[in-house]
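So the structure is just underneath, and the comments pick up after that.
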Amino acid sequence: MHKIYFDHAATTSTRKEVVDAMLPYFIEDFGNPSSIYEVARRSKQAVDESRQKIADLLGADFSEIYFTSGGTESDNWAIKGVAESYKNKGNHIITSSIEHHAVLHTCQYLESQGYEVTYLPVDEYGQVNPEDVKKAIKNTTILISIMYANNEIGTIQPIEEIGRIAKERGVLFHTDAVQAVGHIPIDVKKANVDLLSLSGHKFHGPKGIGALYVRKGVRIKAILHGGAQERNRRGGTENVPGIVGLATALELAIKDMDENNKKMLELRDYIIEGISQKVDFVKLNGHPTNRLANNINFTFDFIEGESLLLLLDSKGIFCSSGSACTSGSLDPSHVLLAIGLPHEKAHGSLRVTIGDENTKEEADYFLEVLPPIVQRLRDMSPLYEDFKKRKN
Ligand SMILES: *Cc1c(COP(=O)(O)O)cnc(C)c1O
């Protein structure tokens, strides 16, 4: 049976060119970049070149890019590292209610350590209002952390504007750009951000490698203590193959971005249109236009997203319900609740995140198998039964 991967917000496959670029650093050039002999010099050079490449691609400087183990570590480090460095200035942090758990749970942890956190609401499309950010800033505010684009509903935030407000008020601004980097053009200076998190496996790079951009002049305490790696700020022998893979993947993603986005936008809108026409009682979640080219998120009334996932899985189609991190738990997605969906509707959501390798044939197959699956689940649903009775 044909397998259709529609879960690119959870992770992506590693591109062949990326794996090829990484391979020499496992066997021939395996040296520790901190050593001084030849085999190590070559891995040191690979790390330096990768750092320069990523800096150039984001409009940053060489010394502003720090390698981490991925998006989660970058988010943790940005928020905890700044919170600790600036605790003499204040203890207040502003974030949004739709952040990834890597940000939300870090903020909750900081609350347990005496920090104060404001979780801003979002509108029905999942957007933060920059005016709300402005109003939430106090004398004690040290950091604003708002994601670039949401991993569940794809909504893109007004980052430049929020960054401008932060700058005017002299507050540092971090953005979790894990879903955005490699998908939409980003220049850290234009975006007005002081810190930015990214992760390789969301743009066809390897898993377990990411980076944090830290603008020159921003103080950030280490959270991983050890050797002098990463300018004394993040100990641990560098993940040399991962770093090379990260830089290669970002370079390729940016090179192919326009072409891939054009293709994905067409496919995204084709699927959105198809679901809207073929299935009753559905609603698109997220912003109608200001959304990632790969993201489709629908609520199907009267059914459980998890059941939908299982039946699609049995047809070889792999999607997600809400966030991958919440699958397996019974709590509805905090993002869907934040955009105002009641619990039962939040439970009936399906996230389809496409990639550049998906085809129209796959979309057609999906649109052919989805409606009967939804109908089958509704026919078993007591909610649907009630609804029909009330209607008659
Ligand atoms: C995937 C993701 C993360 C976590 O990144 P990892 O590299 O998997 O740790 C953080 N934020 C967002 C928005 C994500 O989509």
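The values are calculated or read from the model by the stated rules, or taken from the named source; none is laboratory data. Only a predicted model underlies this, so the values are computations on that prediction, with no experimental measurement involved. So basically every Cβ, Gly included, is an ideal-geometry build from the backbone, and we count neighbours across all protein chains shown. These area figures cover heavy atoms from the full protein model, side chains too; ligands, DNA and RNA do not enter into them. Shrake-Rupley method; radii C 1.70, N 1.55, O 1.52, S 1.80 Å.
Within region 33-64, being hydrophobic (A, V, I, L, M, F, W, C), more than 16 Å from the ligand (Cβ to nearest atom) and in contact (Cβ under 8 Å) with a residue 40 or more places away in the chain holds for 46, 47, 57, 58, 60. Is it true that residue 311 is crowded, with 16+ Cβ neighbours inside 10 Å, in contact with a Phe, Trp or Tyr (Cβ under 7 Å, 6 or more places away or on another chain) and not assigned by TED's automatic domain parsing to the domain that holds residue 202? Here the answer is no, as residue 311 does not meet what is asked. From the list 227, 208, the lone residue that is within 10 Å of the ligand (Cβ to nearest atom), of a type outside the set (S, T, N, Q) and open to solvent by 10 Å² or more (accessible area, probe 1.4 Å) is 208. Checked against the criterion of being of a type in the set (A, V, I, L, M, F, W, C), modelled with pLDDT under 95, outside any strand (DSSP E or B) and open to solvent by 10 Å² or more (accessible area, probe 1.4 Å), the candidates 39, 19 yield just one match: 39.
Restricting attention to region 93-138 and to residues that are assigned to a loop (DSSP other than H, G, I, E, B) and of a type in the set (Gly, Ala, Ser), the residue that is surrounded by the most Cβ atoms within 10 Å (Cβ to Cβ) turns out to be 126. Within region 164-178, is there a residue that is surrounded by fewer than 24 Cβ atoms within 10 Å (Cβ to Cβ), within 16 Å of the ligand (Cβ to nearest atom), in a loop (DSSP other than H, G, I, E, B) and at pLDDT 95 or above? No. Scanning region 211-224 for residues that are surrounded by fewer than 22 Cβ atoms within 10 Å (Cβ to Cβ) and within 16 Å of the ligand (Cβ to nearest atom) yields 223, 224. Is at least one residue of region 323-333 over 19 Å from the mean Cα position of the chain (by Cα), farther than 30 Å from residue 256 by Cα and of a type in the set (A, V, I, L, M)? Yes: one or more hits. Consider region 179-195. How many of its residues are open to solvent by less than 10 Å² (accessible area, probe 1.4 Å) and over 14 Å from the mean Cα position of the chain (by Cα)? Counting residues in region 179-195 that are open to solvent by less than 10 Å² (accessible area, probe 1.4 Å) and over 14 Å from the mean Cα position of the chain (by Cα) gives 4. Among the criteria (1) surrounded by fewer than 23 Cβ atoms within 10 Å (Cβ to Cβ); (2) modelled with pLDDT of 95 or more; (3) closer than 21 Å to residue 155 by Cβ, the one residue 331 does not fulfil is (2). For region 270-293, the count of residues that are at positive phi, modelled with pLDDT of 95 or more and open to solvent by 20 Å² or more (accessible area, probe 1.4 Å) is at least one. Per the conditions (1) surrounded by 15 or more Cβ atoms within 10 Å (Cβ to Cβ); (2) more than 16 Å from the ligand (Cβ to nearest atom); (3) over 11 Å from residue 96 (Cβ atoms), the sole criterion not satisfied by residue 159 is (2). With respect to the conditions (1) more than 16 Å from the ligand (Cβ to nearest atom); (2) assigned to a helix (DSSP H, G or I), residue 73 falls short on a single one, namely (1). Sub-6 Å Cβ pairs linking a first residue in region 231-247 that is farther than 26 Å from residue 15 by Cα to a second residue that is open to solvent by less than 60 Å² (accessible area, probe 1.4 Å) and in a loop (DSSP other than H, G, I, E, B), at least 6 apart or interchain, are 233/222; 235/227, ordered by first then second residue.
Across region 139-156, the number of residues qualifying as within 17 Å of residue 169 (Cβ to Cβ), within 16 Å of the ligand (Cβ to nearest atom) and part of a loop (DSSP other than H, G, I, E, B) comes to 1. Residues in region 333-392 that are among the polar types (S, T, N, Q) and assigned to a strand (DSSP E or B) were compared, and the one that is farthest from residue 203 (Cα to Cα) is 349. Answer with yes or no whether residue 238 is open to solvent by 30 Å² or more (accessible area, probe 1.4 Å) and modelled with pLDDT of 95 or more. When the stated conditions are applied, residue 238 passes them. Quick one: would you say residue 299 is among the hydroxyl-bearing types (Ser, Thr, Tyr) and assigned to a loop (DSSP other than H, G, I, E, B)? No: the conditions fail for residue 299.
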